[in-house]
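Notes follow once the structure below has been shown.
Bear in mind these aren't lab numbers, they're just calculated from the coordinates by the rules spelled out. Since we're looking at a predicted model, the values are computed, not measured. Here the Cβ positions follow ideal geometry from the backbone for every residue, glycine too, while neighbour counts run over all protein chains shown.
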Amino acid sequence: MQAIDTLTPCPCGNNAGYARCCGLLHEGGTAVTAEALMRSRYSAYVLKREDYLLATWHPSTRPVSLKLAAQQPAPSWLGLDVKRHEENGAHATVEFIARLRYGGGKAQRMHEISRFLREQGRWYYLDGQFPEN
Ligand SMILES: [Zn+2]
């Protein structure tokens with residue numbers, strides 16, 4: 001298995017590399033912005049860090065399980081493009097487009113406008129809307 005601290009660029013696209021970007025948050029660091037949290041959650045999908053995804057999901061909307069390991073066909077994540085990031089006090093919105101492919105299928109875009117809430121200094125994913133592309 002590949003050592004994850006050699007992931008350069010970071011799965012979220014940051015040229016600084018995983019260990020200096022999303023890896024810090026996956027190891028317990030605090031996301032300073034909702035965008036940083038959103039990027040780390042994208043990287044967690046890439047790396048199948050279901051524990052991290054659930055831990056950063058707001059308890060009011062958090063699913064019991066994501067069953068990422070059992071997903072068939074498994075998605076291949078191809079890239080992340082953050083379009084917009086707005087923070088207003090304890091609320092934030094991040095709009096992004098993730099590209100992925102299922103099995104040998106063709107690449108598709110997932111366009112999401114995510115809402116985040118900050119509680120006790122930590123950002124949590126609340127929910128998302130999926131506008132028409
Ligand atoms: Zn990253």
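Tabulated results
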| quantity | calculated |
| --- | --- |
| Burial ranking of peptide ranges 43-51, 104-112, 123-131 (average Cβ count within 10 Å, highest at the top) | 43-51, 123-131, 104-112 |
| Förster-model FRET efficiency, 25 Å R0, Ala107 and Val32, C-beta, rounded to 0.05 | 0.20 |
| Extension gain (nm, one decimal) between Glu50 and Thr8, 0.36 nm per residue minus Cα-Cα | 13.0 nm |
| Eligible lysines near Lys48 by straight Cα distance, threshold 23 Å, same-chain separation 8 or greater | Lys67, Lys106 |
| Size of segment 4-129 as Cα extents on the principal axes (Å, biggest first) | 42, 29, 27 |
| Dipole magnitude of the chain about its Cα centre (Cβ charges: Lys, Arg +1; Asp, Glu -1), debye to nearest 20 | 320 |
| Selection from Gly29, Gly121, Gly103 lying farthest towards where the dipole of the chain points positive, charges on Cβ | Gly103 |
| 18 Å cut-off, amide nitrogen to a point 7 angstrom out along Gln71 Cα→Cβ, residues in segment 100-126 | 100-115, 125-126 |
| Among 88-97, 58-67, the order from most to least packed when residues are scored by Cβ within 10 Å on average | 88-97, 58-67 |
